[in-house]
Each structure stands twice: as structure tokens, then as C-alpha cells.
């Protein structure tokens, strides 16, 4: 199975200006940064060792798995994030709360490449009700290159729990004309920007998505 994605966003706004500017009220316009842009892209390749398990049935309900079954799987994934902006990301008046390098940060390119290994299993009852779970380990290598005004900085390194294949747990009903369920997905990642001493980096982040869905087939 192969998957690829690309997303470009141009222009951002501050969602909590009252935390930075006490005089701001809900009747005021939100502060907008039209110069900020992001490019987010990735590709993944997955090989499963058994035909008894359907990834599409467990995650997107495009298929229906009628018997319980599971599989081991391996794969690889590449992710890229590019950030561009003209001026400091820091809101005016907050520069003293951060290191001098944070005020000079002008975007960069962030790459990660991971290999993952894991397993997944779907329990099916009455042919249309199901519960599915997946866990994986994803050693990951990251390379990051960012700009401090006109100065270029780099960082790279390995991590055992990288920005690789997510785990999930899901329960639902997958009928002939109606489907519904609850999905829980997670992904653990790392960010080496803390190595730049900017004071704004993150050592580790865990992304969690919870989705309640319902739909029909025609």
C-alpha cells in the first residue's frame, strides 16, 4: 500500500490574542500574518504479511472485513515541512521572553525518514461489527535546516519513536448501506529545534486524533 499527501497553507492568524494583548476583545480583528507559509508533504509505503487483515476496512471503511484476522507489517515513510516568513514569529512586545535566536528565526526545512515494524488485528463479530488495534515501532532519522536572519543552522539525529507509522484503536459498524464508529489514532514525533538554543523547540510531541464518524453507501 502506498500513500502520499501535500498541503500548502499561506497566511496564519493568532487564535488567542487575549493571552498576548490584554486590551484585545472579541469584537477586534484577529492578528493576521499573511507572510507566513507552510508546505507539508509526505509519502509512505507499507507491506503487510497476511491477506487476512484489511487496512482500508479498519481505517477508512472502504472495504469490509468479515472475519477476524491480523497481520505483521513493515514499511517506510518520508515527511517534509517547509516554513517561510519575512519577519519574526514572536508577537511584538514578547521578544524579551525568548532567546535572541528565537527573534531571528526565519523559517526552514525539516525532513524525517522512518522505517517501521508493527502488527494489527481486527476482531469481527456478526460480520459487520468490528474492533481493531495497531501498534508499531518507528526508528526515525531527522535532518533540519533553518535560517536565523542570514545565518544557516542545521541539526540531525535518530530517535526510536519517530514520526513514523501511527497506531490506532477503532470500533464500529460497517454495514451494507450504513457505517459508523469511533477512531483513536496517535503518532509520536520529535523536534530537534531545541538544539538551536532558541527556547521555542519541542523535544517530543504526541499527536492524538479522535474521530466519531457516520456515513452511508449508495
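The values are calculated or read from the model by the stated rules, or taken from the named source; none is laboratory data. Treat the numbers as computed from the prediction; the structure is a model and nothing was measured. We place every Cβ from the backbone using ideal geometry, glycine too, and count neighbours over all the protein chains shown.
Structure values in brief
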quantity: Single residue of the range 24-37 satisfying the filter (farther than 16 Å from residue 107 by Cβ and surrounded by 10 or more Cβ atoms within 10 Å (Cβ to Cβ)) that is nearest to the chain's Cα centre (by Cα); calculated: 32
quantity: Verdict on residue 21 being over 24 Å from the mean Cα position of the chain (by Cα), modelled with pLDDT of 90 or more and over 30 Å from residue 133 (Cβ atoms); calculated: no
quantity: The range 120-134, subset touching a residue at least 12 places away in the same chain (Cβ under 8 Å) and not in a strand (DSSP E or B), residue nearest to the chain's Cα centre (by Cα); calculated: 128
quantity: Residue within the range 169-178 that is in contact with a helix residue (DSSP H, G or I) (Cβ under 9 Å, 6 or more places away or on another chain) and over 26 Å from residue 212 (Cα atoms) present; calculated: no
quantity: Candidates 201, 164 - the one that is within 17 Å of residue 77 (Cβ to Cβ), in a loop (DSSP other than H, G, I, E, B) and at pLDDT below 55; calculated: 164
quantity: Number of the condition not met by residue 88 [criteria: (1) within 24 Å of residue 150 (Cα to Cα); (2) touching a residue at least 24 places away in the same chain (Cβ under 8 Å)]; calculated: (2)
quantity: Cβ-Cβ under 7 Å pairs, at least 6 apart or on other chains, the range 59-75 side part of a loop (DSSP other than H, G, I, E, B), far side surrounded by fewer than 14 Cβ atoms within 10 Å (Cβ to Cβ); calculated: 62/56; 63/56; 66/127
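Rundown of residues vs (1) at pLDDT 90 or above; (2) farther than 17 Å from residue 123 by Cβ; (3) touching a helix residue (DSSP H, G or I) at 6+ places or on another chain (Cβ under 6 Å); (4) loosely packed, with under 15 Cβ neighbours inside 10 Å, yes/no style:
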site: 49; (1), (2), (3), (4): yes, yes, no, yes
site: 73; (1), (2), (3), (4): yes, yes, no, no
site: 93; (1), (2), (3), (4): no, yes, no, yes
site: 97; (1), (2), (3), (4): no, yes, no, yes
